1. Which of the residues belonging to the range 229-243 are touching a Phe, Trp or Tyr at 6+ places or on another chain (Cβ under 8 Å), at pLDDT below 90 and either among the acidic types (Asp, Glu) or not in a loop (DSSP other than H, G, I, E, B) (or both)?
2. So which strands (runs of 3 or more DSSP E) are wholly in the range 88-158 and hold at least 1 residues that are in contact with a strand residue (DSSP E or B) (Cβ under 8 Å, 6 or more places away or on another chain), touching a residue at least 24 places away in the same chain (Cβ under 8 Å) and of a type in the set (Val, Ile, Thr)?
3. Is it the case, given these coordinates, that residue 86 is basic (Lys, Arg), at pLDDT 95 or above and either crowded, with 16+ Cβ neighbours inside 10 Å or within 22 Å of residue 213 (Cα to Cα) (or both)?
4. Kindly check whether there is at least one residue in the range 256-273 that is over 25 Å from residue 216 (Cβ atoms), buried (at least 17 other Cβ atoms within 10 Å of the Cβ) and of a type outside the set (S, T, N, Q).
5. Please indicate, with yes or no, whether at least one residue in the range 46-63 is within 23 Å of residue 172 (Cβ to Cβ), at pLDDT 95 or above and not acidic (Asp, Glu).
6. Being surrounded by fewer than 21 Cβ atoms within 10 Å (Cβ to Cβ) and charged (D, E, K, R): is that true of residue 249 here?
7. Determine which single condition residue 226 fails, assuming it passes every other condition in (1) assigned to a loop (DSSP other than H, G, I, E, B); (2) surrounded by 13 or more Cβ atoms within 10 Å (Cβ to Cβ); (3) touching a residue at least 12 places away in the same chain (Cβ under 8 Å).
8. Please specify each residue of the range 201-221 satisfying the condition of being over 13 Å from residue 2 (Cα atoms) and part of a loop (DSSP other than H, G, I, E, B).
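The values are calculated or read from the model by the stated rules, or taken from the named source; none is laboratory data. As the structure is a computational prediction, the values presented were derived from the model and not from experiment. Cβ: placed from backbone, ideal geometry, glycine included. Neighbour counts: every protein chain shown.
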Amino acid sequence: MHIRGPMNISQLAVYTPSGSIATRRNRRSALYRSTVRDASSSELEHMQGHATNAQLNGDRENSAKKRSPNHYLGEGHLQAAAGWGRIAYYTSTAPAEATGLAFLANLGDPRLSGTFDYSFGNSLSYVSASGTSCVSDNTPFDGTLETSEVELTVLTDEVCTGACDYTRPNSTAHHGWEGEEKAFFIEFQMDHYDNVGSDQGMISDAPAWWFLNANIPRTLQYGNDRRNIPCSCWSTGCGEFDAFEVLGRGEERAKSTLHRQGNLEGGDSNYFRRPVGRMLKFAVIFHNYNITAAVLDDDFDFRTALSGGQIDDIVAYDPKSNTHSLFAIGT
């Protein structure tokens with residue numbers, strides 16, 4: 001997963017169905033850091049979108065299989081969700097703790113972590129608590145991404161040791177979350193802060209949360225090589241899911257869109273209002289060849305396990321609701 005400021009994050013959680021490979025992995029590493037400023041949430045908004053699911057942020061992309069409309073919407077056709085176990089968690093509550101996660105950015109420095117060259121620029125590296133400088137070890141960020149100049153790549157804490165697809169030599173390479181069934185939860189707020197640097201070409205005050213096939217950041221997330229040749233699989237089908245993105249400076253609307261150049265992609269005009277001065281809980285669930293993006297109740301608990309019923313409630317689509325949005329991608 002990838003996060004761009006300005007954003008405060010108080011919690012992140014990742015779940016997979018109980019009994020899956022990822023759930024069975026033993027993740028015991030924990031990281032600690034100081035707390036972040038917080039705010040309470042008082043307003044509930046709900047937006048939901050569904051799409052056929054390709055594996056966007058795992059180690060490989062699996063093209064969505066064709067299904068009839070009844071597979072997605074017909075009562076009795078959807079496979080019920082079993083219990084889901086939490087396999088990774090971050091909290092900014094002092095002392096901040098992260099388990100099962102690695103915090104990275106394109107700041108590679110061969111003296112600390114990652115690498116750099118003039119053909120491909122900075123690789124992924126471990127980053128400081130503020131997300132602004134390269135460090136030698138995995139460190140949980142402090143919960144605050146000050147401006148849109150700061151981006152984080154958050155992957156599993158499992159280092160690639162030959163099991164990943166191609167990774168850039170000497171880069172800091174971690175696994176993504178494999179499998180077609182997985183769920184990501186975030187508690188955040190997006191206050192308004194303009195960029196402070198001199199690069200006028202960078203987008204400003206436009207936070208986002210998105211997902212990529214892990215092969216993209218492990219190779220070259222942005223741009224081409226110095227001969228203008230694409231190096232990652234972004235343009236050949238791996239794609240990107242923007243769970244929410246503010247598309248312009250200071251905008252209040254956050255939208256969800258699926259990008260897969262040369263493949264199935266799309267979105268619609270629905271949005272939820274940017275949470276300013278308050279926290280908001282949000283979920284992205286990959287389940288039954290659908291992607292569901294949903295605003296959650298303020299009291300939703302990112303507990304160590306979720307029931308199948310809780311997942312089913314989040315992904316349920318009500319065609320009579322004026323706060324649900326359904327758009328099909330593929331057939």
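1. 240
2. 96-99, 151-156
3. Numbers: basic (Lys, Arg): yes; at pLDDT 95 or above: yes; either crowded, with 16+ Cβ neighbours inside 10 Å or within 22 Å of residue 213 (Cα to Cα) (or both): yes.
When the stated conditions are applied, residue 86 passes them.
4. The answer is yes, given that some residue of the range 256-273 is over 25 Å from residue 216 (Cβ atoms), buried (at least 17 other Cβ atoms within 10 Å of the Cβ) and of a type outside the set (S, T, N, Q).
5. no
6. Values: surrounded by fewer than 21 Cβ atoms within 10 Å (Cβ to Cβ): yes; charged (D, E, K, R): yes.
The answer is yes for residue 249.
7. (2)
8. The answer is 201, 202, 203, 204, 205, 206, 220.
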